[in-house]
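Here is the structure we will look at.
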Amino acid sequence: AHLGIARELKDTAGEACALLNLGNCLSSRTEFSEAIPYYEQYLMLSQELADVEGEAKACHFLGYAHYCIGNYREAVRYYDQDLALAKDLQDKMNMGRAYCNLGLAHLALGQVETSLECQKYFLAIAHMINNNSGKFRALGNIGDVLMRMGEVEESVKMYQRQLALARGSRDRGMEAAACGALGIAHRLLRRFDKALGFHTQELTLRQEMLELSGECRAHGHLGAVHMALGNYTHAVKCYQEQLERAQELQDCGVEAQAYGNLGIARLNMAHYEDAIGYFEQQLATLERLSTPTSQLDRGRAFGNLGDCYDALGDPDEATKCHEQYLAIALKLKSTRDQERAYRGLGQSQRSLGNLQQALVCLEKRLVVAHELGNSEAKAAAYGELGQLHASLGNLEQAISCLDHQKTIAHELSDRIMEADAISGLGSVYLQMGEYSTSLQYHQNDLDIAEQLGIAPLQCRAYGNLGSVHEALGNLEQAVCYQEQHLSVAASTNDQLAKTLAYSSLGRIHQLLGNRQQAVAYLTEGLCIAEVLGRRDEEAKIRNRLGLALWTNGDLDGSQKQLEAATRLLENIRREAKSSPDYKLSLFELQTGSYQVLQRVLVGLNRQDEALVVAERG
């Protein structure tokens, strides 16, 4: 109404005021795209009226609106104009604000050096006009840029200056913000005790101030530290608190974040169905938002859903999710998210047996990791490519990729990743029949695992050493390693590792002629494989158990196991969307089971059934 009246009266100043108010009203409702045309008209009228202050305001609001919808280059353009006008007006307060905003926009574009320069100008101006809140914000922004540059120790110094300033000013809001920033930095530096201490202070201050949005953030920060420590139960409690506060605030953005955090915690706890529920709630909540951040969060939620479906053995559904994630990452030109999406899609394609498509995805992932300049991402990409090349029988390429992973991991002093690469190399050399080289790598893997005291890595190394000794015919040594494999798996209650160890021990004892021990181990392994729903492993164990019972003279027991094995293998082979090599290995195992079953039935004097089995085989 105000705008219409002003236009009827040809009141240009009134029209400008109405346009600004309409733009601000829409911005307050986060409808930034709708606000932009009003701000643009306000800018034109301010220029017509030679209202330099109005022009500066328009540039500021246009910069902010474009920043909020992810048009960072446009934001830089308008903030540059805002800064130039503030300089013309010699308005130091607005100069500081413009430098601050310009720095944030450059940071969003990844232009960290320019961003740092802008924030340093902002800090200098804040000191010049003795503006404590400006000084505080500038120090925090400089700390954030340094974090982005990987200079976390330097960022800690900035946040400590923030904390000192906040305490000197007796401003509890600023103190809580500084504690939050210090907690995040210490978590990244893996100083978890300090991180917990700062985030606990942050939470206490926010609760004393009855500041719900800050309390929400603090609960989220504490949850992140517990996640890093592997305290998933504590993390879930923190994220549930975060969710409750967000629902009280009716803040869709934070509510969606809390659902996502709960999903990730449940994913790490292997509670995949619960995790899927949370990620679906996150997606539903994000539908109510339209910011670039919410679009990226939607992509990440799809990626996490894909990981859940992968873990549940549903690669078809996982592929759909990872494809949606990739589409969003490509649309928003987020290299970091493209890297994650290609990883997930590669894994799903591999599970489907589309190994060439998986190879394309993982090669694209490696290219993106190089673009990112992220050594951890490069090492992980080389590792997965190496494993895939090994599956495809491209053993030289596999060795090249795993060597790259090993070198980068060593440079990063990442012993776990280095052990992963060494273990992978050991397995490839075993495939090549180079047993002594394979032994050296697996022994090296075990040495690192024991130095780090990480049981799952020890488990893996013992199992692999057992397999190499078995291939060499050193069966007694193979038994020793597989017994250690079983012992460590039992101590950590790793059910899958226990299954593999029992299966290996059964197989080796069968080769040694220890038939009763072979049957005992295979029976134990079978029980766990059934509970875990590992049908391929169950089929292999039933096949071996059938053979062991046959050589032990238990023909009825042997028949039962071999028939179950052939049924399982038939179902798996029919349903498998795997590689031709994998299907062939199942076929060979199934054929072997039929041949032994035929001989067992002949031994039981059941000739007709033996003929039927011969035909099926």
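Summary table below
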quantity	calculated
Any hit, region 186-200, residues being touching a Phe, Trp or Tyr at 6+ places or on another chain (Cβ under 7 Å) and modelled with pLDDT of 95 or more	yes
Residues that are within 15 Å of GLY263 (Cα to Cα) and in contact with a helix residue (DSSP H, G or I) (Cβ under 6 Å, 6 or more places away or on another chain), drawn from region 229-248	TYR232, HIS234, ALA235, VAL236, CYS238, TYR239, GLU241, GLN242, LEU243
Candidate set: region 290-328, residues that are crowded, with 17+ Cβ neighbours inside 10 Å and among the aliphatic types (A, V, I, L, M); chosen: the one nearest to ASN71 (Cα to Cα)	LEU296
Residue in region 360-374 that is closer than 19 Å to ALA311 by Cβ and touching a Cys at 6+ places or on another chain (Cβ under 7 Å) present	no
Among (1) assigned to a helix (DSSP H, G or I); (2) at pLDDT below 95, the one test that GLY110 misses	(1)
Qualifying residue in region 42-56 (condition: in contact (Cβ under 8 Å) with a residue 40 or more places away in the chain and crowded, with 20+ Cβ neighbours inside 10 Å)	no
Qualifying residue in region 416-424 (condition: among the polar types (S, T, N, Q) and assigned to a helix (DSSP H, G or I))	yes
Every residue from region 397-414 that is buried (at least 17 other Cβ atoms within 10 Å of the Cβ), under 15 Å from ASP445 (Cβ atoms) and over 20 Å from the mean Cα position of the chain (by Cα)	LEU402, LYS406
Residues of region 481-520 that turn out to be within 16 Å of ASN552 (Cβ to Cβ) and not in a helix (DSSP H, G or I), as a count	2
Filtered residues of region 132-158 (kept if surrounded by fewer than 17 Cβ atoms within 10 Å (Cβ to Cβ) and of a type in the set (S, T, N, Q))	ASN132, SER133
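The values are calculated or read from the model by the stated rules, or taken from the named source; none is laboratory data. What you see is a predicted model, and the numbers here were worked out from it, not measured in a lab. Neighbour counts are summed over all protein chains in view; Cβ atoms, including those assigned to glycine, are modelled from backbone coordinates with ideal geometry.
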